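What follows draws every value from the coordinates through simple rules; no lab data is involved. The shown structure was predicted, so the numbers you read here are calculated from the model rather than taken from an experiment. Using ideal geometry, Cβ is built from the backbone for each residue, glycine included, and neighbour counts are taken over all protein chains shown.
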Amino acid sequence: MTNQGCDIGMIGLGVMGRNLVLNIVDHGFSVAGYDGNAEKSGELMRKATGGGRIRGASSEQELVGLLKRPRALILLVPTGSPVDAVIEGLLPYLEPSDLIIDSGNSYFKDTDRRAQFLSEKNLLFMGMGISGGEQGARYGPSMMPSGPEEGYDRVKAILEQVAAQVQGEPCVTYLGRGSAGHYVKMVHNGIEYGLMQLIAETYDIMKRGLGLNNEELHEVYSHWKNTEISSYLIDITANIFSRKDEKTGTALIDVILDEAGQKGTGKWTSWDALDRQVPTPSIEMAVMMRDL
């Protein structure tokens, strides 16, 4: 860490935020972290192995004071009103040209609104989707940033190093101005809704229709992992059939509740597709099946 302060700040130290902090530190950058839940801040410091490159803050004001100017902060907090609340809490301590990056799954129209609001205060605002879940955040996610290009240039070196690397290329690139990053992440998640529904239906056909047991299902999906439909989702589907429930010792797949939640991205994809008269029936049916 230089005498000028940390390279970047992180607000939101849940699993995703904490893992991304550790990833950034692993690549030689310094991070200041803050969470309204002091226990999460403590968990980060206990896991820190970055040679002093992680600093914990107990308030927004302290966090901002730990950063080098012009400042850059990443938000990894729940979507909706919590994002607005964090921004409002930061405003008294920020200076012109400071950068806020919202890395949650925010609705792209909210990102446009926040960008306009902050530009009037001479602050930079970026929306950046992150894909890869907890493991991705820790060891290399795919990231979809957009907003002011000068803001992206400021954090480009960090993002390119912490991103997943495929054939020597980082899985991050500047996608354009405005809310393009969150829009791409929204569509990405909508497509994933469809894929997850298709996987669920193949399971149902083979389980109830063909009468395959869990071992046989594991063999089928394990084979599919090595075909043209290989993917992360197929991989974790294959693995789930060999997992045991820690409490009962029975197959985990058989004790998982027959329920599904959603955070809204699939629904937003359907909304926008309908507005644009673009047919996305697989995504729309997947959203409806989650409701069922």
Cα-projected label distance for THR248 with GLU219, points at 7 Å along beta-carbon direction, nm: 2.5 nm
Full-extension gain in nm, GLU169 to GLU88, via 0.36 nm per residue minus C-alpha separation: 25.5 nm
Table column - 3J(HN,Hα) (Hz), segment 235-250, Karplus curve with 6.51, -1.76, 1.60, x for Gly and Pro: 4, 6, 5, 4, 5, 5, 6, 9, 8, 9, 6, 5, 7, 9, x, 8
Of LYS40/LYS156; LYS225/LYS267; LYS185/LYS247, those spanning more than 32 Å from alpha-carbon to alpha-carbon: LYS185/LYS247
Under-5 Å amide H pairs with SER30, H placed in peptide plane, nonlocal only: ASP7, ILE8
Per-residue HN-Hα couplings for segment 215-226 [Karplus 6.51, -1.76, 1.60; θ = phi - 60°; Hz; x = Gly/Pro]: 5, 5, 5, 4, 5, 5, 5, 5, 5, 4, 4, 9
Helical contribution to [θ] at 222 nm, DSSP H n ≥ 4, -39,500 (n - 2.57), averaged over the chain, rounded to 500: -14500 deg cm²/dmol
Modelled FRET efficiency - R0 51 Å, ALA260 with ASN122, Cβ distances, 0.05 increments: 0.75
Residue-by-residue Karplus 3J(HN,Hα) for segment 97-112, coefficients 6.51, -1.76, 1.60, Hz, glycine and proline x: 6, 5, 10, 10, 10, 8, 10, x, 8, 6, 5, 4, 5, 5, 5, 4
Sorted by Cβ density within 10 Å, fewest first, the residues TYR183, TYR203: TYR203, TYR183
Highest-first arrangement of 230-237, 205-212, where packing means the average Cβ count within 10 Å: 230-237, 205-212
Quarter of the Cα convex hull surface for segment 8-178, i.e. its orientation-mean projected area (nm²): 8.8 nm²
Cβ-derived FRET efficiency at R0 25 Å, GLU228 paired with LYS207, nearest 0.05: 0.60
Calculated semi-axes √(5λ) of the Cα gyration tensor in Å (choose from [x] 30, 26, 17; [y] 37, 23, 17; [z] 39, 33, 13), label: [y]
For ILE74, distant residues with modelled amide H under 5 Å away: GLY9, MET10, ILE11, ILE101
Theoretical FRET efficiency, 1/(1+(r/R0)^6), r = Cβ-Cβ of LEU198 and GLU95, R0 51 Å, to 0.05: 0.55
Share antiparallel - DSSP beta bridges, the chain, percent rounded to 5: 30 percent
Gap separating the Cα centres of segment 146-175 and segment 64-122, nearest whole Å: 19 Å
